[in-house]
Amino acid sequence: MTIGEVPTPSPGPNEVRVRVHATALNRADTFQRRGHYPPPDGASPILGLEMAGVVEEAGDRVVDWHEGDRVCSLLAGGGYAEQVVVHEDLLMAVPPGLSMQEAAAIPEVFLTAYQALHWLGGMQSGHEVLVHAGASGVGTAAIQLAKEAGAHPYITASAPKHKVCRDLGAEATIDYESEDFAAQVEDQTNGEGVYIVLDFIGAPYFHKNVASLAMDGRIVLLATLGGSTVEKVSLRGLMAKRAHLLATTLRNRSLDYKIQLTQEFASNVLPEFVDGRIRPVIDSTYDWTEVADAHRRMENNENAGKIVLQVVS
């Protein structure tokens, strides 16, 4: 990865041009860098799926945003740049009291977790929720969203990352390196199982995920970091639990879908960042010129929370 020059983007009638102060890393960035995750048609080829910055120019039809406004947003690409153009309805105001680095750590992981838990998982108060990769960006967001909803979050993570998860509200922490998470879930739930499993690993966890489910439970699959081909799947196992298996992505969703998700999240959750009931979890901050080191940290699974790139000092 290198620093280069590209033309400054111009906003359309319903778009806003933002000077990026900070962005944050996501696993998708590392896959795109290696050529395995091309951007959607029409999206910027520049890496970066979220940002926080200041409005510099608004399109002719934009009413709600003005020069100087502090904003953050989900992006289909372009976050690793000094300037980015965003549809006006995808912008969220940076909550008072939060830095640009903190705001940049919100959009991708919190919107992903909100979609997975509320829209797909049907999470309600009292539900037990198993979050794999609990110390990841989405994991730390999911723990907090579950706790705030009155659900009971359990997580898997390596042992050194358990304290971070417990501090955020995880009620049970399972070391995936030394413990059988299905057995631990059975013990923690007195054999009832969890209503939602939030999974990033895929094939290696599939059978134990099914075993961990409560009746009518839901597996929400967000990634397949461990592999995508499951051997010897018994459909009877799914039927016995009346299980729901849902797979989702966010980057290639329609603009209307992303707008609806963003606005619901901004209305229901964003105010909770003001009083500290929910917070972005930042592992580390790098200058954007050190982006290669930031990617290495993520690919080595060293982070607990978000890795942020500072674009403007």
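The values are calculated or read from the model by the stated rules, or taken from the named source; none is laboratory data. On a predicted model such as this, the values are computed, not experimentally measured, just so you know. Methodologically, a virtual Cβ is constructed for each residue, glycine included, from the backbone with ideal geometry; neighbour enumeration extends over all protein chains shown.
See the values below:
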{"quantity": "Helices (runs of 4 or more DSSP H) within the range 1-119 that include 3 or more residues in contact with a strand residue (DSSP E or B) (Cβ under 7 Å, 6 or more places away or on another chain) and closer than 22 Å to Met298 by Cα", "calculated": "100-104, 107-114"}
{"quantity": "Test result for Gly193, in contact with a Ser or Thr (Cβ under 6 Å, 6 or more places away or on another chain) and crowded, with 16+ Cβ neighbours inside 10 Å", "calculated": "yes"}
{"quantity": "Matching entry among Thr248, Thr224 (being surrounded by 13 or more Cβ atoms within 10 Å (Cβ to Cβ), closer than 30 Å to Leu91 by Cβ and among the polar types (S, T, N, Q))", "calculated": "Thr248"}
{"quantity": "Leading residue by the ranking (farthest from Ile106 (Cα to Cα)) among those in the range 272-297 that are among the aliphatic types (A, V, I, L, M) and surrounded by fewer than 20 Cβ atoms within 10 Å (Cβ to Cβ)", "calculated": "Ala292"}
{"quantity": "Any hit, the range 23-42, residues being of a type in the set (D, E, K, R), more than 23 Å from Ala223 (Cα to Cα) and surrounded by 18 or more Cβ atoms within 10 Å (Cβ to Cβ)", "calculated": "no"}
{"quantity": "Extreme residue, farthest from the chain's Cα centre (by Cα), among residues of the range 245-277 that are hydrophobic (A, V, I, L, M, F, W, C) and within 26 Å of Gly217 (Cα to Cα)", "calculated": "Leu245"}
{"quantity": "Selection from the range 142-164 of residues that are over 13 Å from Asp283 (Cβ atoms) and assigned to a helix (DSSP H, G or I)", "calculated": "Ala142, Ile143, Gln144, Leu145, Ala146, Lys147, Glu148, Ala159, His162, Lys163"}
{"quantity": "Residue within the range 160-167 that is of a type in the set (Lys, Arg), at pLDDT 95 or above and surrounded by fewer than 17 Cβ atoms within 10 Å (Cβ to Cβ) present", "calculated": "yes"}
{"quantity": "Candidates Val62, Val131, Val109 - the one that is closer than 20 Å to Asp29 by Cα and buried (at least 19 other Cβ atoms within 10 Å of the Cβ)", "calculated": "Val109"}
{"quantity": "Residue match in the range 260-271 (condition: modelled with pLDDT under 95, loosely packed, with under 14 Cβ neighbours inside 10 Å and over 19 Å from Ala183 (Cα atoms))", "calculated": "no"}
{"quantity": "Gly226 being more than 24 Å from the chain's Cα centre (by Cα) and in contact (Cβ under 8 Å) with a residue 24 or more places away in the chain", "calculated": "no"}
{"quantity": "Per-region count, the range 29-52, residues at pLDDT below 95, touching a helix residue (DSSP H, G or I) at 6+ places or on another chain (Cβ under 9 Å) and under 21 Å from Cys72 (Cβ atoms)", "calculated": "1"}
{"quantity": "One residue from Ile155, Ile143 being crowded, with 24+ Cβ neighbours inside 10 Å, free of Cβ contacts under 8 Å to residues at least 40 places away in the same chain and farther than 23 Å from Thr262 by Cβ", "calculated": "Ile155"}
{"quantity": "Any pair with Cβ under 8 angstrom, 6 or more apart, that starts in the range 105-130 at a residue that is over 18 Å from Gln263 (Cβ atoms) and in contact (Cβ under 8 Å) with a residue 60 or more places away in the chain and ends at one that is among the acidic types (Asp, Glu) and surrounded by fewer than 24 Cβ atoms within 10 Å (Cβ to Cβ)", "calculated": "Glu128/Glu192"}
{"quantity": "Enumeration of residues in the range 176-212 that are closer than 19 Å to His152 by Cβ and acidic (Asp, Glu)", "calculated": "Glu179, Glu186, Asp187, Glu192, Asp199"}
{"quantity": "Every residue from the range 227-242 that is of a type in the set (Lys, Arg) and surrounded by 11 or more Cβ atoms within 10 Å (Cβ to Cβ)", "calculated": "Lys241, Arg242"}
